[in-house]
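Colleague: One structure follows; several queries about it will come next.
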Amino acid sequence: MAGQDAKKGYSKTFVATIGVESKEILGYYCTSASSIEFENIPQNLSKRLPKYPAPAMLIGRLAVNKLIQGQRLGERLLMHALSRAVRATSEIAIFAVRVDALDEEVKKFYLHYEFVPFEGKEFSLLLPMKTIMKSRNN
Ligand SMILES: CC(C)(COP(=O)(O)OP(=O)(O)OC[C@H]1O[C@@H](n2cnc3c(N)ncnc32)[C@H](O)[C@@H]1OP(=O)(O)O)[C@@H](O)C(=O)NCCC(=O)NCCS
């Protein structure tokens, strides 16, 4: 599926393995260009924003092999993906990184990293680029 999506230009998948030779996938995430409807941006962030969809980078399907969950690979994958957003933003404007959490548990993981829920969409969350940049400058 990752290969098909990449060929179509819909997403890029990045996998974590032990060493470059290993075929065992420990975790992965996908990235795509995306957007966030103005109505879904929380009001405290949407003041003074134009009333059309905001440019975003989507992190899709971030997951860690069940056998090694709780050993900080999820955090490393997330930080890796956020670094890609930082690099991309030097070429393409990105207002925020967005994720669509599968369920309440996964949502809590993103809340832990200061993602904020969309207005009116329970399982979609965003992290403004400004917050990402600020945390990297500290
Ligand atoms: C959510 C997930 C990515 C977290 O990865 P992980 O490697 O287990 O988490 P980490 O060890 O990196 O955790 C880092 C921090 O996040 C916190 N955290 C992890 N999962 C959490 C959860 N569900 N709720 C709240 N906090 C969570 C940890 O407590 C830790 O906090 P700390 O900084 O205070 O120590 C992983 O559990 C997972 O893949 N879940 C299934 C996701 C899935 O099914 N995706 C869909 C595939 S299509």
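Colleague: Please pick out the residue among Lys12, Lys23 that is over 16 Å from Tyr110 (Cβ atoms) and modelled with pLDDT of 95 or more.
Modeller: Lys12
Colleague: In the range 111-138, which residues are within 21 Å of Val64 (Cβ to Cβ) and either at pLDDT below 95 or open to solvent by 50 Å² or more (accessible area, probe 1.4 Å) (or both)?
Modeller: Leu111, His112, Glu114, Phe123 - these are the residues of the range 111-138 that are within 21 Å of Val64 (Cβ to Cβ) and either at pLDDT below 95 or open to solvent by 50 Å² or more (accessible area, probe 1.4 Å) (or both).
Colleague: Just to be sure before I move on: is Arg48 open to solvent by 100 Å² or more (accessible area, probe 1.4 Å), within 13 Å of the ligand (Cβ to nearest atom) and on the phi > 0 side of the Ramachandran plot in the structure I sent?
Modeller: On the way: open to solvent by 100 Å² or more (accessible area, probe 1.4 Å): yes; within 13 Å of the ligand (Cβ to nearest atom): no; on the phi > 0 side of the Ramachandran plot: yes.
Here the answer is no, as Arg48 does not meet what is asked.
Colleague: Among residues belonging to the range 58-92 that are assigned to a loop (DSSP other than H, G, I, E, B) and near the ligand (Cβ under 7 Å from one of its atoms), point out the one that is most open to solvent (accessible area, probe 1.4 Å). Full working, then the answer.
Modeller: At the first step, the residues of the range 58-92 found to be assigned to a loop (DSSP other than H, G, I, E, B) are 65, 69-72, 89-92.
Checking the rest, the ones that are also near the ligand (Cβ under 7 Å from one of its atoms) come to 69-72.
Working: Gln69: 110, Gly70: 85, Gln71: 124, Arg72: 141 Å².
Going through the qualifying residues, I end up with Arg72.
Colleague: Now, a different point. Name the residues in the range 100-127 that are away from the ligand (no atom under 16 Å from the Cβ) and touching a Phe, Trp or Tyr at 6+ places or on another chain (Cβ under 7 Å), would you?
Modeller: Let us first name the residues in the range 100-127 that are away from the ligand (no atom under 16 Å from the Cβ), namely 118-121, 126.
Leu126, the sole residue that qualifies.
Colleague: Report whether or not Ser34 is open to solvent by less than 50 Å² (accessible area, probe 1.4 Å), more than 16 Å from the ligand (Cβ to nearest atom), touching a helix residue (DSSP H, G or I) at 6+ places or on another chain (Cβ under 7 Å) and among the hydroxyl-bearing types (Ser, Thr, Tyr).
Modeller: Working: open to solvent by less than 50 Å² (accessible area, probe 1.4 Å): yes; more than 16 Å from the ligand (Cβ to nearest atom): yes; touching a helix residue (DSSP H, G or I) at 6+ places or on another chain (Cβ under 7 Å): no; among the hydroxyl-bearing types (Ser, Thr, Tyr): yes.
So Ser34 fails the test.
Colleague: When you look at Lys108, is it assigned to a loop (DSSP other than H, G, I, E, B), open to solvent by 30 Å² or more (accessible area, probe 1.4 Å) and modelled with pLDDT of 95 or more, yes or no? Even if it seems obvious, please write down each step before you answer.
Modeller: Numbers: assigned to a loop (DSSP other than H, G, I, E, B): no; open to solvent by 30 Å² or more (accessible area, probe 1.4 Å): yes; modelled with pLDDT of 95 or more: yes.
So Lys108 does not fit the description; no.
Colleague: Further, regarding this structure: What are the pairs with Cβ atoms under 6 angstrom where one residue, in the range 32-48, is in a helix (DSSP H, G or I) and the other, located anywhere, is surrounded by 16 or more Cβ atoms within 10 Å (Cβ to Cβ)? Sequence gap at least six, or different chains.
Modeller: Pairs found: Asn40/Phe118; Asn40/Glu119.
The values are calculated or read from the model by the stated rules, or taken from the named source; none is laboratory data. Computed from a predicted model, the values in this text were never measured in an experiment. Heads up, the Cβs are rebuilt from the backbone with ideal geometry, glycines too, and the neighbour counts pull from every protein chain shown. Areas reflect the complete protein model, heavy atoms only, side chains present, ligands, DNA and RNA absent. Shrake-Rupley method; radii C 1.70, N 1.55, O 1.52, S 1.80 Å.
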